[in-house]
Amino acid sequence: MDSESYDFIFKIVLLGDSGVGKSNLVFRFTKNEFNKDSKSTIGVEFATKTVQIEDDKLVKAQIWDTAGQERYRSIASSYYRGAVGALLVYDVTDRNSFNHVPMWLKEVEENAEKDCLIMLVGNKMDLHEQRTVFVRDGRSFARKNGLAFIETSALDATGVDTAFQRILQEIY
Ligand code: GTP
Ligand code: MG
């Protein structure tokens, strides 16, 4: 497919604590790769992928992946400017990352466009034994706050395409 031909371009941002797997969700979606020893993102990284929705429309996702680490963040209204979708990611084995979701949500709501769609993403669902945040926790927070919700594993690819595909579809 010619990656330069598309009908729409949608900016999607990722946010959430450091180490929850934001960059690996992007690697998996855009390159079908996983990096076991990925380094913390510094600043912002960009990736794109063009996908087909509604039978015949090509949507180019322009993905912005930022650092969860406070010291690399200069949170920047420019990060959110023009974003039509946000994936707010936590790690199902890291309760703290889930406890910080309201803080991240506040940040998006204060900085993003009013119509930016937000999807809550519980990542690392492959780590069954270490899970401390349950599906019902994520789902109930999402429901109370009017967010879409999905669980994913960047490691084994579960839910990753679905997450991006669904948010692009809903934006469209
Ligand atoms: P920052 O860039 O610091 O904000 O972190 P990040 O959210 O981008 O996390 P990153 O993708 O770098 O992943 C952090 C660690 O978690 C890495 O060691 C990954 O290999 C691991 N990881 C990411 N996703 C998964 C997953 O779905 N399952 C498992 N088991 N490990 C994962
Ligand atoms: Mg990263």
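Would you check if residue 91 is buried (at least 21 other Cβ atoms within 10 Å of the Cβ), under 17 Å from residue 16 (Cβ atoms) and among the acidic types (Asp, Glu)?
Working: buried (at least 21 other Cβ atoms within 10 Å of the Cβ): yes; under 17 Å from residue 16 (Cβ atoms): yes; among the acidic types (Asp, Glu): yes.
Considered against the rule, which asks whether it is buried (at least 21 other Cβ atoms within 10 Å of the Cβ), under 17 Å from residue 16 (Cβ atoms) and among the acidic types (Asp, Glu), residue 91 comes out as yes.
Only residues that are closer than 13 Å to residue 14 by Cα and either near ligand 1 (Cβ under 6 Å from one of its atoms) or modelled with pLDDT of 95 or more (or both) were counted in the stretch 30-44, giving 1.
Taking the stretch 71-167 and the helices (runs of 4 or more DSSP H) fully enclosed by it, the elements with 3 or more residues that are among the charged types (D, E, K, R) are at 101-111, 135-144. Taking the criterion of being of a type in the set (A, V, I, L, M) and either more than 16 Å from the chain's Cα centre (by Cα) or open to solvent by 100 Å² or more (accessible area, probe 1.4 Å) (or both), the only residue of the stretch 28-49 that qualifies is 42. Taken together, the residues in the stretch 1-25 that are part of a loop (DSSP other than H, G, I, E, B) and either without any contact (Cβ under 8 Å) to a residue 60 or more places away in the chain or more than 12 Å from residue 155 (Cβ to Cβ) (or both) amount to 12.
One residue stands out among those in the stretch 32-58 that are among the small types (Gly, Ala, Ser) and in a loop (DSSP other than H, G, I, E, B): the one that is farthest from residue 70 (Cα to Cα), which is 38.
Of the residues making up the stretch 26-67, just one is within 9 Å of ligand 2 (Cβ to nearest atom) and within 18 Å of residue 158 (Cβ to Cβ), namely 26.
Determine which member of the set 106, 124 is charged (D, E, K, R) and touching a residue at least 40 places away in the same chain (Cβ under 8 Å).
Working: 106 fails: touching a residue at least 40 places away in the same chain (Cβ under 8 Å).
Going through 106, 124 in turn, the sole match is 124.
Of the candidates 160, 135, 121, the single residue that is touching an Asp or Glu at 6+ places or on another chain (Cβ under 8 Å), crowded, with 18+ Cβ neighbours inside 10 Å and among the aliphatic types (A, V, I, L, M) is 121.
The values are calculated or read from the model by the stated rules, or taken from the named source; none is laboratory data. None of the values given here were measured: they were computed from a predicted structure. Positions of Cβ are generated from backbone atoms using ideal geometry, with glycine treated the same way; all protein chains shown enter the neighbour counts. Calculation scope for accessible area: heavy atoms of the full protein, side chains included, ligands and nucleic acids excluded. Shrake-Rupley method; radii C 1.70, N 1.55, O 1.52, S 1.80 Å.
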